[in-house]
Structure formats: C-alpha cells, structure tokens
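**Student:** I have a structure I would like to understand better, so I am pasting it below and will then ask my questions one at a time.
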Amino acid sequence: MAKVMIPTPLRQFAGKQESVELAGANVGEVLAALTSTFPDLKKQIFNDEGKLRSFVNVYLNDEDIRYLKKSDTPVASGDTLSIVPSIAGGSTVAEPLTDALSKDEILRYSRHLIMPEVGMEGQIKLKNAKVLLVGAGGLGAPLGLYLAAAGVGRIGIVDFDVVDFTNLQRQVIHGTKDVGRKKLDSAHDRMKDINPNVRIDKYEVALTSENALEIISGYDMVVDGTDNFPTRYLVNDACVILKKPNVYGSIFRFEGQATIFATEGGPCYRCLYPEPPPPGLVPSCAEGGVLGILPGIIGLVQATEAVKLILGTGQPLIGRLMLYDALAMKFRELKLRRNPECPVCGDHPTVTKLIDYQQFCGIPGHTPEPEFVEGDITPKEVKAKQDRGDAFTFIDVREPHEYQICKIPGTKLIPLGELPKRLNELDQSAEIIAHCKSGVRSGKAVDLLKQNGFKKARNMKGGILAWSDQVDPSVPKY
Amino acid sequence: MIRINAEAARAMVAHAESTFPDECCGVMVGSIDGDKKTVTAAFPLENAYKGKQEDRYEIRPEDLLAADKKARAEGLDLIGIFHSHPDCDAYFSKTDLENSCPWYSFVVLSIKGGKFDHANCFLPNADQTAAEKEELTWPK
C-alpha cells in the first residue's frame, strides 16, 4: 500500500481525507486506483484525453516522477505519492494577445489561411509568436526574410556586426548598398519592407552569460544562427534553463545540420556534444569556406521548424539530427536522445546557471594581438628586399586554389601540408621568407623549417592580406 | 470568500515590498470552512523564474511540496498562492492564468513605487481559460 497525499482543495472530492492508502505496483496503477475510488478527483487531475493535466506534477517521496519512469515508476509499500501543481505567472506588461487579423493581413496571408493546417487560428498564433534570432548572418538572413514574410509577430535579432563585402555571397538579407551598415539596421529595413506588421527588436550586443537569460526570457523560442562554439553552448544552456526550444542549425563548406534542442524531455546540444572541440580544430566558415546557398537550405529548415512549433502541427525535428550534404545532394537523419547524465538537461543537472563559455571552450578571454616574434618580417621590409635585389627564397604556403585567387610576384608555392616532404627543394643556408593568407600557417611553416635546420627562415607578418594593405592594393583580398 | 488576517497580510506586504521591483511569490495557509477560507499565515517562497523577474514569477514544485508538508505538520491547510505585480495593478494576467491551477486561491498584490497599493484574489477555472474574482477581506 502507498500513501497518496491529497492537496487541501481536493479533499472535498476525496471524502475529506488528508491522505489515502492505495494499492498499485506503479504510479499509474496507484493513480488509477485513486480516481476509481474517488471519481470526482479524476477531472481535477486528468484531462479529457486521460493524461495528467499540464500543471499537475506527481512526486514519489521527494522525486518528480518525470525524472524517474513517469507513470511506470514502481511503487513500494510505505512510499508516499504527492500531487503538486506547477505555478507561475507574472504581470507581463507586454501588449495583450490579439485574436484577430485585419483586412490587409487576411489578404497578405491568404495562401496560409486557405490551408486548414494554418487557417485563421494558426495565422493568429504566428502573429502572437515571439522568436529570437541569434545572429543576422548566413542562417539569420533567410530566417529573417521568411519568418517576417510568414507573419511572425515579433522577431528579436541579436547581432553586433557590420555588413562586409564577403557576407554578400550568402547573407541575402543584406545588399551591396548596405556594406558598412550595421547588420541589425540592414536586416530591420529589409524585413519591414517585406512585412511592415512585424515588430523587430534589435539587440546590438554580443550574447553573454550576463544578458542571455534576460534577452531570451522575452521570447517563445530561440533560433540559433551563431557561428561559434561558446555562443552555441551559451544559447543551449540558457534555453534549457528557461525551458525555451532552441531551433539549431550549423553549416560548414558543403554540409549542414539542423535539429530542435531543449524541448521538454528532448535532448539538448550538450547531449550531442558534451564537450567543445579543442580551439582551432574545427575551422570557421571564414577559414574553411561555405557554399553560399547552403545557409539558405539550413536556415529555411530552421524557419520551417520554428513555424511548425508555433502552429503545433506536423512532426517537429526533435530527437532527430538532420544532416545535409550538398555535394551528394542527400539528407540523412540521426536519432538523438536526451542523456540522463547530461550536465544541463539530465536528471541531476550540475550546470544550473550560465558559466564562462569562452573559458569552457578553451578560448582566452582577451585574445592578445599576435606579438611580433623574433624573426618576423613586415610586408614593407620584404618589398624593400625585393627592390634591392637581396637574395632570398620567398615561399607561399597556401593551397593551390588560393594561389589562383591572388599571388605575390616572385613566390614559390609549397602548401603547408606538402612542406615536410619538399624540404629538399629549399637551401638550408639561404634566407627563406614564408607567407600565407594572414600569417598563421606561415608561422607554422617557419617553425617546421627551423626544426629542420633552416636557421634563416622568417615569417611575413599578416600574410598576403597585409601585403595588399601595405604594399600593393591591386592584390585582391579574400 | 477569503479573509486574510493582519499577520498574514503584513508578511505578504513585507515580502512583496522587499523584492520590489521584482515580483515575489509565496503561500498562504490557514483553514477552510465550506467556502469560507481564512488565511492565518503567509510564507515567502523563492521566485524561481530564471529570466528577469520584474514581471514574472515561478514556484518550484519541490518548494510548494515542502510548504504543504510544513502546513500539514502544523495542522494548517495550504489554501492559496500570493504574488506581486510591481508598478501595476492587481489583475490576473494571461501569464498568471495560463500558469495557475484551479485548486488554489490566487492573491495578487499591487506594489507601486515600492509600497503596497491594493490586492485582489482570483479563482482560475479547471481549464485555466478564465478566472473569477474571489471576494477578499483584507485587514484595514
């Protein structure tokens, strides 16, 4: 026999008793015995479909059965079951929800309205929805355009970047005329042009542990369009803490992935990737490149999932990681499960507030400007050497496809990866100057050369980008 | 109808004023005689809402369970929940309604400029689609 504690207001339905002793092997059976003994209790605890009402929590002794085996949780003699409601609220001065569309809106959304899966009810849900976009870049661009067009009533955007020429190949919310403008302003103008009914909240900040909960708490869900690991973990943890779905997408070169994290009972980003990769192991899009069309595909998968969550229709991409390969033109799917041991969303979470995500990802708080290392040489000094006719070997350690974009006259191409087996092409006694795009790879090349006895190897600081800035502006930057 | 005694009202107001400009929350305990409820004591609970608390509150079910146990141990009944509305009136908002439960009386305290202004009490229906005002007797 287990003891069921009856909350005060429900005692009138349970023969005025404070507690009832009932038999049953598991929680489901004990509750069934309770409601068959006191039929009036049934509609207080269960809804018409026979499920526990949304606000009802059941505790076995001191544990929420949701984190045990739910209604299958075994019950032993002497156990105590308690019925505890979830209670929350707040004045939320936010504008009252609307329950109507204007004549203009009905016309604008007519292709939605004639589908019963959306209809007036769904379109009003979209109008009342509040979605936060983290990032107005590759993924944020199609998301902003289509969510605005679809009639999502309020869209927040977090971004502190400025539109750059290199963005235009994929960030279609920004135009050539916007180069140099804040991405927030450019995205705002474009979205307002598409749909003036949308309210846009601009957050010109980096999302941090200090501001994330406050910003995210005002929205129904987050759509993650970030391009770095610290922010991705931050968004994940904040969404788990605030119980807001996180519609996730990521892209790299020709491949992308998408899923929904942080729904009740569903997995989170940490269930998939408990630890971040070592810094520098996974190249960013700036380093590795990205097919311009790719964020369009992945961003619109995210937009579709956001709209489905709002409408409450279809099978959401929860517990499934969608993988897309543009070269093979294949979509695949991996099953994801919530990890009961997950430090954030597991049964016994150890991360219950936001942490320092830069540190978590192994990135120092302030990246110091790379120092001028002994042996480094500036592009101007290299140019002067060339002009004087000094004898030295000038090697370019970039990849052949980069060499095709631009090159410095007089250089010999030896990609960094090939350098170890091509050392014999170089003279150990000669002065060797190495360069790459920005100076990182050529730094590694110089280290390798020095280890192999090339004592006079030097790195050209800042790479071909600095050469373009300081010596020859006709060399294109990429 | 619900009657709040002076000591319980003082405890609620003190808690609500101390958390201003954030919302506060807590439980009301006392006795029920038919549809007459008398609140003899009120206890603060931690506002567990993880975002900005100026216009939100959340009660952890574990805290509510513990409060219920404590009340029972003292021979009292947990009969309601209170929370504050900083710098706005004591209405039952949509957020309040959707996250309430039909079993308890919900007292809302309006705190304006850090000082108690007025209070109202509400009873949500079974589906949390509407709440009726419950007659509230607040000490002078």
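**Student:** Pick from segment A:204-226 the residues that are more than 14 Å from chain B (Cβ to nearest Cβ) and surrounded by fewer than 18 Cβ atoms within 10 Å (Cβ to Cβ): which of them is nearest to B:Gly51 (Cα to Cα)?
**Tutor:** Taking the candidates together, the pick is A:Thr208.
**Student:** Next up: Being within 38 Å of the chain's Cα centre (by Cα), touching a residue at least 12 places away in the same chain (Cβ under 8 Å) and within 30 Å of A:Gly151 (Cα to Cα) narrows it down to one of A:Ile114, A:Ile124, so name that one.
**Tutor:** Values: A:Ile114 fails: touching a residue at least 12 places away in the same chain (Cβ under 8 Å).
That would be A:Ile124, the only listed residue that is within 38 Å of the chain's Cα centre (by Cα), touching a residue at least 12 places away in the same chain (Cβ under 8 Å) and within 30 Å of A:Gly151 (Cα to Cα).
**Student:** Being more than 11 Å from chain B (Cβ to nearest Cβ) and buried (at least 17 other Cβ atoms within 10 Å of the Cβ) is the filter; apply it to segment A:42-64 and report the residue that is farthest from A:Phe13 (Cα to Cα).
**Tutor:** The selected residue is A:Leu60.
**Student:** Name, by its number, the condition in (1) surrounded by 19 or more Cβ atoms within 10 Å (Cβ to Cβ); (2) β-branched (Val, Ile, Thr); (3) in a helix (DSSP H, G or I) that does not hold for A:Thr304.
**Tutor:** (1)
**Student:** On the given criteria, is A:Leu31 assigned to a helix (DSSP H, G or I), within 14 Å of chain B (Cβ to nearest Cβ) and touching a residue at least 40 places away in the same chain (Cβ under 8 Å)?
**Tutor:** no
**Student:** Within segment A:424-458, take every residue that is touching a Lys or Arg at 6+ places or on another chain (Cβ under 9 Å) and either polar (S, T, N, Q) or assigned to a strand (DSSP E or B) (or both) and give me the one that is surrounded by the fewest Cβ atoms within 10 Å (Cβ to Cβ).
**Tutor:** A:Ser429
**Student:** How many residues does segment A:145-197 contain that are charged (D, E, K, R) and surrounded by fewer than 15 Cβ atoms within 10 Å (Cβ to Cβ)?
**Tutor:** Initial filter on segment A:145-197 (charged (D, E, K, R)): A:154, A:159, A:161, A:164, A:170, A:177-178, A:181-183, A:185, A:189-190, A:192-193.
Retained after the next criterion (residues that are surrounded by fewer than 15 Cβ atoms within 10 Å (Cβ to Cβ)): A:164, A:177, A:192-193.
Qualifying residue count, segment A:145-197: 4.
FYI, it's all coordinate maths here, none of it is from the lab. The structure displayed is predicted, hence computed values, not measured ones. Positions of Cβ are generated from backbone atoms using ideal geometry, with glycine treated the same way; all protein chains shown enter the neighbour counts.
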